1. For residue 50, only one of the following conditions fails: (1) closer than 19 Å to residue 133 by Cα; (2) without any contact (Cβ under 8 Å) to a residue 60 or more places away in the chain; (3) outside any loop (DSSP other than H, G, I, E, B). What is its number?
2. Going by the structure shown, is residue 66 in contact (Cβ under 8 Å) with a residue 60 or more places away in the chain and not assigned by TED's automatic domain parsing to the domain that holds residue 16?
3. What about residue 101, is it basic (Lys, Arg) and either surrounded by 14 or more Cβ atoms within 10 Å (Cβ to Cβ) or modelled with pLDDT under 95 (or both)?
4. Picking from 107, 70, which residue would you name as being at pLDDT 95 or above, aliphatic (A, V, I, L, M), more than 12 Å from the chain's Cα centre (by Cα) and surrounded by 14 or more Cβ atoms within 10 Å (Cβ to Cβ)?
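The values are calculated or read from the model by the stated rules, or taken from the named source; none is laboratory data. Please read these numbers as outputs of a predicted model, since none were measured by experiment. All Cβ positions, glycine included, derive from the backbone under ideal geometry; neighbour counts span all protein chains shown.
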Amino acid sequence: MKVITRFVQGHHFIGSDEKNVQTHFDSRSDGFPAGTTPVAAILQAMAACSAIDVVDILNKKRKTVTNLVIETDGERAEEHPRVFTKAHLHFKLTSPDAEVKDLERSIELSQDKYCSVSAMFSRSGCALSWSAEVVRE
């Protein structure tokens, strides 16, 4: 895997992957952010990584996924480098036929086996937790 990150102006950078899919980054310190902060992007990446797993697992169980929202809260160390010390992911699935146990099992598999980003968090010493709810339309 190879990515390229290019300077735009101020604290605005654009990262691109091998397929030229772009991500905008900024520090938000200049009052006019043009992208997410790198630290926020890490939390988003963990949620997205797990979301992909969860949707795939639910689809294999033949459950309908109408929507999936993951609210992620992270706590960082006070001292530099301000690494994440805790993170909590709340999975909110909208589905007409999935049960909470289906969602919970999918999250367990993602967090314990498949999600590389979650593994990086936990192996760095970050305490990960999650919760789940299913909403009917």
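1. So the condition that residue 50 fails would be (2).
2. Details: in contact (Cβ under 8 Å) with a residue 60 or more places away in the chain: yes; not assigned by TED's automatic domain parsing to the domain that holds residue 16: yes.
Yes, satisfied.
3. On the way: basic (Lys, Arg): yes; either surrounded by 14 or more Cβ atoms within 10 Å (Cβ to Cβ) or modelled with pLDDT under 95 (or both): no.
No; evaluated as a whole, the condition is false for this residue.
4. Details: 70 fails: more than 12 Å from the chain's Cα centre (by Cα).
Sole residue among the options that is at pLDDT 95 or above, aliphatic (A, V, I, L, M), more than 12 Å from the chain's Cα centre (by Cα) and surrounded by 14 or more Cβ atoms within 10 Å (Cβ to Cβ): 107.
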